[in-house]
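Read through the structure below, which is laid out as structure tokens, and then see the notes.
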Amino acid sequence: MPASFNTIVALRRAYSFDLAVLTELAAFALAAPITLPRLCSVCACSDFNACMGHTGPCSWVNDNLCSRCFVLEPDDRIAIIADAAAEQGGAA
């Protein structure tokens, strides 16, 4: 079941995510002819909502990996993905 607008607003207060990216993903799910936004495959940061590394905002290392996650050890990457899945009630 899709989240309600009120749920999305409440989540946005607790977690940093870009509403523009969420809108694009929702439009894509409804078969709108759009290009999907670029998201990091580990932390899900985007072109519009960069995560912060030790030296400032991240940049892109390749099509789906930001510079902050690129320097993480593989176990740390897995932990980030597992934490995100647990927050969503799923499994990694």
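A few remarks follow.
- Ordering of 72-83, 40-51 by packing is 40-51, 72-83, highest average first (other Cβ atoms within 10 Å, averaged per residue).
- Dipole axis of the chain (+1 Lys, Arg; -1 Asp, Glu on Cβ), positive-most option in 8, 80, 57: 8
- Inter-part distance where the stretch 1-49 and the stretch 61-83 are each reduced to a Cα centre, Å: 19
- Taking Cα atoms only, the orientation of helix 19-29 departs from the longest principal axis of the chain by about 60 degrees.
- Note on the chain: helix-only mean residue ellipticity at 222 nm, from DSSP H runs of 4+ residues weighted -39500 (n - 2.57) and normalised by residue number, equals -12500 deg cm²/dmol.
- Given +1 at the Cβ of Lys and Arg, -1 at the Cβ of Asp and Glu and no other charges, the dipole of the chain around its Cα centre is 240 debye to the nearest 20.
- Model label zone, residue 25; criterion: amide N under 17 Å from point 7 Å along Cα-to-beta-carbon; scope the stretch 60-79: 64-66
- Across the stretch 21-73, Cα pairs under 8 Å and at least six residues apart give a relative contact order of 25 percent.
- Descending semi-axes in Å of the chain, equivalent ellipsoid built from Cα gyration tensor: 23, 17, 13
We did not get these values from a lab; they are worked out from the coordinates using the rules stated. Predicted model only: the values in this text are computed from it and were never measured. Note that we place each Cβ from the backbone using ideal geometry, even for glycine, and neighbour counts take in every protein chain shown.
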